[in-house]
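The next block holds one structure in the form of structure tokens; read it before the comments.
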Amino acid sequence: MSTLSAETGPEDANNQSFWMPGNYQRTVKRTEDAFQACNDIVACFQERARVERQYAQQLSEWSTKWKPLVDASPLYGSLLQAWQCFLSSADRFSSLHSSICRALVSEDGDRIRTWQKETFHKKIFGGFKESQDFETGFSRAQKPWAKRLKKLEKAKSAFHKACRKEHMAREREAHAQGNPDIAIEKQRKIQEETELAHQETEKVRARYEKVLEEVTRYAPRYMEEMESIFDQSQEEERKRISFLKQAFLSIHRHLDVTNNERCVRRVIPVKSQFLSISLLLAMRMPTDWPQFQEWTPDKKHKKGKKEVEQKAVVMERSLMIGGVRVRALYDYVGQETDELSFKAGEEFLKIEDEDDQGWCRGMMDGGKEGLYPANYVVVV
């Protein structure tokens, strides 16, 4: 079971327990969730396949566009061959990404679709056979337990009601004993009512304890039956997780081009061609020899009126970023340590805008920061 937050009370935690009636629905729903997850994963694969196909097409178009320009370039020899090899590698990588596209659709996607069809058996009127089997098992195991809990809740309510009645009777008795205006006969009658209320409380307590004992004795049997069905559900969940894990690992093998032998065979020739560039041939190019250059003084730049105005605007914006002056409309006393307290008419800085809960962050003149209700202040 997931850990509940600190603010959740013991009663709320008990209501969320797997053992409470009806809470097994989250376990049963895992079947439908897994079926929907398969649809989402396949859709995700198909979209990634479209990306791979588009990238392969872009590589091919890019290579086709640059090929005539490279062939007509002034480069020559091994340097030209390296450039041409760089372009031709794009065609090979285009083929690689096209194969990734096909693998995502025809291998990975089809594998999940086939497994989904074999694992989940739809019913004519909706739902899945697997979900119904677990639903029936959990419901059958919880039916006698739910009856006992209902009986226990009824006994508890009766006991608490009797306790309240006795408490009120004792308060009346205590009030009558200290009041000389109440007659002795009436005081005696109040004492008798208190005694009857106490006897009724003890009677109801005994019934409540008896029902609780019956529930406690039945709990081990109930837990055993529920755990038996839950273990079957867990086994199905383990099979689903194991299959989907292998499906993602298959995707990784297709997408991990660094360990792809075909990719390595495509990259190595390009690197070899780059390393084989002959420096002697490549150095046959024009050279700009050093020449005498006259010194010219730097021009002084005068600040114009426009730049001064822009600087003023920037300074004004920085002041806005530093905070907005606000005035309190009402008194407010902080309920938490991270909240501000102020009096009506007091001014301070708003340093963060209002959030979804209607709170702003401000800073007092003394430097203390904290939260405050946004509707308690107005901008000065």
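The values are calculated or read from the model by the stated rules, or taken from the named source; none is laboratory data. Not measured: the values here are computed from a predicted model. Neighbour counts run over all protein chains shown; Cβ positions are idealised from the backbone, glycine included. Keep in mind that these areas ignore ligands, DNA and RNA; they rest on the heavy atoms of the full protein, side chains included. Shrake-Rupley method; radii C 1.70, N 1.55, O 1.52, S 1.80 Å.
Counting only protein heavy atoms, what percent of the accessible surface of the stretch 44-89 is carbon or sulfur at a 1.4 Å probe? Please list the in-between numbers first.
Details: 1770 of 3000 Å².
Answer for the stretch 44-89: carbon and sulfur cover 59 percent of the accessible area.
Considering amide H positions built from the backbone, and no H for Pro or chain starts, which residues 5 or more places from S341, or on another chain, come under 5 Å of its amide H?
The answer is G334.
Quick check: at a probe of 1.4 Å, how many percent of the accessible area of the stretch 112-208 sits on carbon and sulfur atoms? Can you show the working numbers first?
Details: 3830 of 7070 Å².
Within the stretch 112-208, the accessible surface is 54 percent carbon and sulfur.
For a quick protection proxy, order the peptides 128-140, 60-72 by their average other-Cβ count within 10 Å, most packed first.
Details: 128-140: 16.8, 60-72: 12.8.
Descending packing order for the listed peptides: 128-140, 60-72.
Whole-Hz ³J(HN,Hα) for each residue in the stretch 351-359, computed from phi via Karplus 6.51 cos²θ - 1.76 cosθ + 1.60 with θ = phi - 60°, x for glycine and proline: what do you get?
Using θ = phi - 60°, the values come out as 10, 9, 5, 5, 8, 5, 8, x, 10 Hz.
Spin-label point model (7 Å from Cα, Cβ direction): what's the R205 to K147 distance in nm?
3.0
Any of K122/K239; K29/K156; K117/K245; K29/K151; K143/K210; K165/K210 with alpha carbons more than 27 Å apart? Name them for me. List each step's numbers first, then the result.
Working: K122/K239 19 Å; K29/K156 33 Å; K117/K245 18 Å; K29/K151 29 Å; K143/K210 20 Å; K165/K210 21 Å.
Among K122/K239; K29/K156; K117/K245; K29/K151; K143/K210; K165/K210, the Cα-Cα distance tops 27 Å for K29/K156; K29/K151.
With a probe of 1.4 Å, find how much accessible area the stretch 122-212 has per residue, and write the answer as a whole number in Å².
Working: 6740 Å² over 91 residues.
Heavy-atom SASA per residue in the stretch 122-212 reads 74 Å².
Once the Cβ-Cβ distance between R188 and M168 is put in as r, and R0 is 22 Å, what FRET efficiency do you end up with, to the nearest 0.05? Display every interim value, and only then the final one.
Working: r = 18 Å, r/R0 = 0.82.
The value I calculate is 0.75.
Excluding ligands, DNA and RNA, what is the solvent-accessible area per residue of the stretch 31-91 at a probe of 1.4 Å, expressed in Å²?
Values: 3620 Å² over 61 residues.
Here the residues of the stretch 31-91 average 59 Å² of exposed surface.
Probe radius 1.4 Å, ligands and nucleic acids left out: which of E185, E52 has the largest accessible area, and how do the rest follow?
Values: E185 120, E52 10 Å².
From most exposed to least exposed: E185, E52.
Apply the Karplus parameterisation 6.51 cos²θ - 1.76 cosθ + 1.60, with θ equal to phi minus 60°, to every residue of the stretch 173-180 and state each ³J(HN,Hα) to the nearest whole Hz, in sequence, with x for glycine and proline.
Values, residue by residue: 5, 5, 5, 5, 5, x, 10, x Hz.
Between D365 and M20, what length in nm is gained on full extension when 0.36 nm per residue of separation is reduced by their alpha carbon distance? Mind dumping the intermediate values first?
Numbers: separation 345, 0.36 × 345 = 124.20 nm, distance 5.40 nm.
Between D365 and M20, full extension yields 118.8 nm more.
Express the carbon and sulfur contribution to the solvent-accessible surface of the stretch 329-380 as a percent, rounded to the nearest whole number, probe 1.4 angstrom.
Numbers: 1540 of 3430 Å².
Answer for the stretch 329-380: carbon and sulfur cover 45 percent of the accessible area.
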